[in-house]
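The values are calculated or read from the model by the stated rules, or taken from the named source; none is laboratory data. Note that the coordinates shown come from a computational prediction; the quantities given were computed from them, not determined experimentally. Because the Cβ atoms are built from the backbone with ideal geometry, glycine has one as well, and the counts that use them run over all protein chains shown. Ligands, DNA and RNA are excluded from the accessible area calculation, which covers all protein heavy atoms including side chains. Shrake-Rupley method; radii C 1.70, N 1.55, O 1.52, S 1.80 Å.
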Amino acid sequence: MKPLTMVFFLVAVSATMIVLMGEMPGATAANCNYMELVPCADALTSSNKPSGACCSKIREQRSCVCGYLRNPTLRQFVSPATAKRIAGQCGVTLPQC
């Protein structure tokens, strides 16, 4: 993968995680590190379904989604619609932000 493509991929993955992770009352704090969403890069940059590893990370970081969506840097790479699509394919319901 070319360096520029890898950077875009990592940013896109990060943005997706931000969108997919929302705050849940009473939930333990998640490690809100969008870089852990790298397994979701293919699903973020194409119409491909997310991998099992991606879905696992989406579930782990669900409580981070609202923060990710509020981040203007990440939002320029991942739309709320894309985040909802990926979360839905993983069987994860996103919080209302």
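Observations on the structure shown:
- Restricting region 42-59 to residues that are part of a helix (DSSP H, G or I) and polar (S, T, N, Q), the residue that is most open to solvent (accessible area, probe 1.4 Å): THR45
- Among the residues of region 70-88, the ones that are under 15 Å from ALA41 (Cβ atoms) and open to solvent by 50 Å² or more (accessible area, probe 1.4 Å) come to 2 in all.
- Under the condition of being closer than 14 Å to ALA87 by Cα, modelled with pLDDT of 90 or more and over 10 Å from the mean Cα position of the chain (by Cα), the residues counted in region 60-74 number 2.
- For region 60-69, the candidate set comprises residues that are assigned to a helix (DSSP H, G or I) and not hydroxyl-bearing (Ser, Thr, Tyr); within that set, the residue that is surrounded by the most Cβ atoms within 10 Å (Cβ to Cβ) is VAL65.
- Of the residues in region 4-15, none is open to solvent by 30 Å² or more (accessible area, probe 1.4 Å), at pLDDT 90 or above and among the hydrophobic types (A, V, I, L, M, F, W, C).
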